[in-house]
């Protein structure tokens, strides 16, 4: 992976390189008003129509800007606007996107552009992966969570009633444009939810990043542009390195699921309507910290330090009592479950984690104890 500043447009460019794919991520201001310029860099004249997938919240903010820019070069945009919310990340919604594309008679030269957060990116990416056996995908993430995590690495999916992201594919975008200025329009709750994934990177990989997040809470929550761009860039660098070393999620990449085992279960048992994804992951990270303490892999002092930082950023760290009886069963529908065993990502210290398999009754007793410790 290479990182450098684009001299033409004063933005940072990262190159994501895996065994099967290579694509740029640009991070900088006003990128959503320059989409056509960057498309031409990647695709030259090989673009047919463009299918813009967005939602009812994001499109009124940025859809017109993107479409106006594309219209200047004569590109024809087909617009699909979906409802906003994780509960709409379903096979049914993906089928609606695919049906729309078929009715518009879109070709293999069509580029699918995802304008929005993680839900839009996952759905548009899933549709791009299967439409005509695959058409090019461009990610235009407008949330912090999408900019630092879900738009990068080529995982696209829809949810199933039995579990989150259970139906999907590995399908890399051809281009990612991350405009930190878009975060200024985020509701504070969405910004905070995205910070859970940022904190995750500090715990699993980079103690220095964690220290920066700990020392700059106020600046980050106030959307200081310099600080946010720096943090986004570092998170993208970390994910790019991990994905480049384990594209197909066969080992190292699993550490990106820190907090997600309990987090996904919490989202599932609450119908994807109570928690933002990052909020649920924060609860899951708190659970993983306590499991680490009980197994002896993680010190109580560091667990306390991590959980306190989650709280400083306004993230939840406890399970509501009413969800507690359902969490263990929901975890067994996690992608990492194998038979009666389940893999957890557990911290060893801030900046390093390890995978641990739990399959025996004594293991589950320990998990249950940890969940009890974080239950209201």
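The values are calculated or read from the model by the stated rules, or taken from the named source; none is laboratory data. As the structure is a computational prediction, the values presented were derived from the model and not from experiment. Please note: Cβ atoms are built from the backbone with ideal geometry, for glycine as well, and neighbour counts cover all protein chains shown.
If only one of 291, 255, 307 is surrounded by fewer than 24 Cβ atoms within 10 Å (Cβ to Cβ) and touching a strand residue (DSSP E or B) at 6+ places or on another chain (Cβ under 9 Å), which one is it?
On inspection, the qualifying residue turns out to be 255.
Got a sec? Which of 370, 321 is surrounded by 15 or more Cβ atoms within 10 Å (Cβ to Cβ) and either assigned by TED's automatic domain parsing to the domain that holds residue 252 or in contact (Cβ under 8 Å) with a residue 60 or more places away in the chain (or both)?
370
Which helices (runs of 4 or more DSSP H) sit wholly inside the stretch 186-240 and have at least 3 residues that are closer than 18 Å to residue 317 by Cα?
Per the criteria, 188-204, 207-215.
When the stretch 243-255 is examined, which residues are found to be in a helix (DSSP H, G or I), farther than 16 Å from residue 337 by Cα and touching a residue at least 40 places away in the same chain (Cβ under 8 Å)? Outline the logic, then answer.
We begin by selecting, within the stretch 243-255, every residue in a helix (DSSP H, G or I); these are 243-245, 252-255.
Next, only the ones that are farther than 16 Å from residue 337 by Cα stay: 243-245, 252.
Within the stretch 243-255, 243, 244 qualify.
Residues being under 18 Å from residue 139 (Cα atoms), touching a helix residue (DSSP H, G or I) at 6+ places or on another chain (Cβ under 9 Å) and surrounded by fewer than 17 Cβ atoms within 10 Å (Cβ to Cβ): count how many of those fall in the stretch 58-75.
3
Restricting attention to the stretch 26-43, report how many residues are assigned to a helix (DSSP H, G or I) and in contact with a helix residue (DSSP H, G or I) (Cβ under 9 Å, 6 or more places away or on another chain).
Going through the stretch 26-43 one residue at a time, the tally reaches 8.
Starting from residues that are part of a loop (DSSP other than H, G, I, E, B) and on the phi < 0 side of the Ramachandran plot, keep the ones in the stretch 2-25 and report whichever is modelled with the lowest pLDDT. Can you show your working first?
To start, the set of residues in the stretch 2-25 that are part of a loop (DSSP other than H, G, I, E, B) comprises 7-10, 18-21.
With the extra rule that they be on the phi < 0 side of the Ramachandran plot, the set shrinks to 7-9, 18-21.
Details: 7: 50, 8: 57, 9: 63, 18: 95, 19: 93, 20: 94, 21: 94.
That would be 7.
Going by the structure shown, is residue 106 in a loop (DSSP other than H, G, I, E, B), crowded, with 19+ Cβ neighbours inside 10 Å and touching a helix residue (DSSP H, G or I) at 6+ places or on another chain (Cβ under 8 Å)?
yes
If you check residue 203 against the conditions, is it within 13 Å of the chain's Cα centre (by Cα), closer than 25 Å to residue 286 by Cα and surrounded by 24 or more Cβ atoms within 10 Å (Cβ to Cβ)?
no
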